[in-house]
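Q: Got a structure for you, questions after.
The values are calculated or read from the model by the stated rules, or taken from the named source; none is laboratory data. Treat the numbers as computed from the prediction; the structure is a model and nothing was measured. We place every Cβ from the backbone using ideal geometry, glycine too, and count neighbours over all the protein chains shown.
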Amino acid sequence: MKNIVVLVSGGGTNLQALIDAQNQGIIKSGKITCVISSNPGAYALERAKNNNIDTAVIRRKDYSEFSEYDKALAQLLVSKNADLVVLAGFMTILGHQVISQFENKMINIHPALIPSFCGEGYYGLKVHEEALKKGVKISGATTHFVTEECDGGPIIMQRAIDIKNDDTPQTLQRRIMENIEWKILPLSVELFCSDKIKVVENKTIISE
Ligand code: GAR
């Protein structure tokens, strides 16, 4: 059984999807043992507490140097015995110490079809605004391992939906969350926890 630590910053609907998947037995080879937030007011922390999951808060602004913050977060994750770190709407940039400590052991969910609408500055609603501005006909979500290239690590799962003529960033965001993110994130976590993902040259090979 792997220890899963989830990093959050906001509402935590993806965290909730992970908790629900654990309760439903979709995630059965790992257990969410801690939720760490970059924001003490994040509703995601309430979701963790309601499910008796240990919580912690670490804020970038409490450290004058980025390298100090990076080191503190890496130490916190190690102290929680994380086998897998999941970024579920975590909005703070990660540094070398955290990323190298958890190479191919850290999964992010991004609300677009990477390599479209990703990289620095593309987060939350902004991703969907840009997709609609471009006029793409499909969008979706991607799970991937985290590397030092922002949103550039090995892709684990992707799914797409059609864009509608009357979509707004908000309706598109909601449809992608409900139909894709809340499904592929738990599935990707279970694939990792059951040792079904192999990384070869920045690509994943998934065994069924
Ligand atoms: C989700 O849509 C997630 O994909 C996105 O933020 C939202 C968090 O919602 N993440 C990013 O944009 C990362 N670049 P949640 O707090 O309700 O899970």
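Q: Cβ-Cβ distance below 7 Å, separation of 6 or more or different chains: which pairs start in the range 39-64 with a residue that is among the basic types (Lys, Arg) and part of a loop (DSSP other than H, G, I, E, B) and end on one that is at pLDDT 95 or above and within 15 Å of the ligand (Cβ to nearest atom)?
A: Arg59/Ser38
Q: Kindly list the number of the only condition in (1) closer than 30 Å to Val200 by Cβ; (2) within 14 Å of the ligand (Cβ to nearest atom); (3) touching a residue at least 24 places away in the same chain (Cβ under 8 Å) that fails for Ser116.
A: Here Ser116 clears every test but (3).
Q: Only one of these conditions is not met by Gly89: (1) touching a Ser or Thr at 6+ places or on another chain (Cβ under 9 Å); (2) within 14 Å of the ligand (Cβ to nearest atom); (3) of a type in the set (Gly, Ala, Ser); (4) outside any loop (DSSP other than H, G, I, E, B). Which number is it?
A: The one condition Gly89 does not meet is (4).
Q: Return the only residue of Glu181, Glu130 being within 13 Å of the chain's Cα centre (by Cα), at pLDDT 95 or above, buried (at least 16 other Cβ atoms within 10 Å of the Cβ) and at negative phi.
A: None of the other options fit; the residue is Glu181.
Q: If you scan the range 160-189, which residues turn out to be touching a strand residue (DSSP E or B) at 6+ places or on another chain (Cβ under 7 Å), within 18 Å of Leu87 (Cα to Cα) and of a type in the set (D, E, K, R)?
A: Passing the criteria: only Glu181.
Q: Further question: Looking only at residues that are of a type in the set (Gly, Ala, Ser) and within 16 Å of the ligand (Cβ to nearest atom) in the range 23-46, which one is surrounded by the fewest Cβ atoms within 10 Å (Cβ to Cβ)?
A: Gly41
Q: Got a sec? Which of Ala74, Ala88 is over 21 Å from Glu181 (Cβ atoms) and among the hydrophobic types (A, V, I, L, M, F, W, C)?
A: Answer to the check: Ala74.
Q: When the residues of the range 92-109 are filtered to those that are hydrophobic (A, V, I, L, M, F, W, C) and buried (at least 17 other Cβ atoms within 10 Å of the Cβ), which remaining residue is nearest to the ligand (Cβ to nearest atom)?
A: In this case the residue turns out to be Ile109.
Q: Still on this structure, I have one more. Among the residues of the range 70-79, is there at least one that is within 24 Å of Gly153 (Cβ to Cβ) and either among the basic types (Lys, Arg) or part of a loop (DSSP other than H, G, I, E, B) (or both)?
A: Looking for residues that are within 24 Å of Gly153 (Cβ to Cβ) and either among the basic types (Lys, Arg) or part of a loop (DSSP other than H, G, I, E, B) (or both), one finds at least one in the range 70-79, hence yes.
Q: If a residue has to be part of a loop (DSSP other than H, G, I, E, B) and under 16 Å from Ile114 (Cβ atoms) to count, how many in the range 155-186 make the cut?
A: 0
Q: Okay, next question. Determine which single condition Thr143 fails, assuming it passes every other condition in (1) surrounded by 18 or more Cβ atoms within 10 Å (Cβ to Cβ); (2) in a loop (DSSP other than H, G, I, E, B); (3) among the polar types (S, T, N, Q).
A: It is condition (2) that Thr143 fails.
Q: Would you confirm whether or not the range 4-21 contains a residue that is surrounded by 20 or more Cβ atoms within 10 Å (Cβ to Cβ), in a loop (DSSP other than H, G, I, E, B), within 15 Å of the ligand (Cβ to nearest atom) and without any contact (Cβ under 8 Å) to a residue 60 or more places away in the chain?
A: no
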